[in-house]
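The values are calculated or read from the model by the stated rules, or taken from the named source; none is laboratory data. Every value quoted in this text rests on a predicted model; they were computed, and no experiment measured them. Note that each Cβ is placed from the backbone with ideal geometry, even for glycine, and that neighbours are counted across all protein chains shown. Only protein heavy atoms, including side chains, enter the accessible area calculation; ligands, DNA and RNA are left aside. Shrake-Rupley method; radii C 1.70, N 1.55, O 1.52, S 1.80 Å.
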Amino acid sequence: MSVVEASYNKACLTDGADGEAQRVNDTPGLADHIAVWLEKHRTTNKYKDEEVRAAYGYPKEYKGPKPIEQQIKAIAEIYGLDPASALEYAKKLPVLPEGAEGWFAIPSVDALAQKHFPEVIDPAEKYCRALQLVHQKIAESRSFYNYRDGQIDTAHIKVSARTLEKMNQIAAQQKGDPSTGSGPSILIIAAQLGKRHGGRSVRRAREVFTANEYGLTSVAGSSIVLVHPERLVRWEELDMDMAGDEFSDGGGGSFGRAPYFLFDGKAGFDTEGVSYPFDNCGSASGFVSQ
């Protein structure tokens, strides 16, 4: 605003009802010019060469997110979770953030841990156990292959700091059980499933995330795929990079890869280098309501 004000003052526009200042103020289009300028300059050029034209979109069978109440009830039934707080929150959803395709229901990692493996205390271990559980549920519902079987552990996979921060914000916005002080069992997130960043490498997508945007975790993506199996049905489709997770191929502390979901005759889970753009992949991301 100070830049605009300085330019306005520097122009030394004449005053009065018929003066230059009045004509400038009355002329439409300034907001459009500013919007175009902001869109052009809001992102950095870092990793800009890691973009290709996306060859595919979503499969025709996928019609977008199912009604949120239906998703909540499905998640509650699959994992044995209490849907009450999520159903209550769904009655008064905020405005869908720009960039999101719709609302999606996903299980809380803490709720999954409390229900299915209460002996696990470490948050990183909880996440790995939760991902193993969701993969198990997918395998029970359809043909599924985990190319990283045996590597879903704290040495190989973790949630990025940015995503962890945003997910904590979302959990704080959505009340859990006030009688126990626990967080919500089922979270409702605004998200898009890859088209927004189609053809970009994972690290390029992370670079151009808006201030309220974050990469989806594999637990979130797995749960969305579980409730929306039609999202992964054929080879010629846009696969989903899980940009909210970091993966270490050798488990030695170098997390240079990211998980993704694919379809090659069956649904699959694998990883790829964060610097490689593919024309059949796009990073799935969520958005914090502002």
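One chain, two ends: Tyr276 and Arg53. Fully extended at 0.36 nm per residue, the span grows by 79.0 nm beyond their Cα-Cα distance. Restricting to Cα pairs below 8 Å that are 6+ residues apart, what does the relative contact order work out to for region 156-237? Please round to a whole percent. Taking the mean separation of contacting Cα pairs over the length of region 156-237, I get 26 percent. When the charge dipole of region 60-202 is built from unit charges on Cβ atoms (+1 for Lys and Arg, -1 for Asp and Glu) and taken about the Cα centre, the candidate among Ser141, Gln114, Thr154 whose Cα reaches farthest toward its positive end is Ser141. Across region 265-288, the residues whose backbone nitrogen lies under 17 Å from the label position 7 Å along the beta-carbon direction of Ser141 are 266-269. Available extension along the chain between Asp249 and Arg162 is 29.2 nm, counting 0.36 nm per residue and deducting the alpha carbon span. Any idea how far apart Lys91 and Lys195 come out in nm if each label point goes 7 Å out from Cα toward Cβ? Between Lys91 and Lys195, the label points sit 3.2 nm apart.
Protein heavy-atom surface of region 193-281, 1.4 angstrom probe: 44% of the accessible area is carbon and sulfur, with nucleic acids and ligands not counted.
Assuming a viscosity of 1.306 mPa s and a temperature of 10 °C, what translational diffusion coefficient in µm² per second does Stokes-Einstein assign to region 148-229, Rh being the Kirkwood radius over Cα pairs? It comes out at roughly 107 µm²/s.
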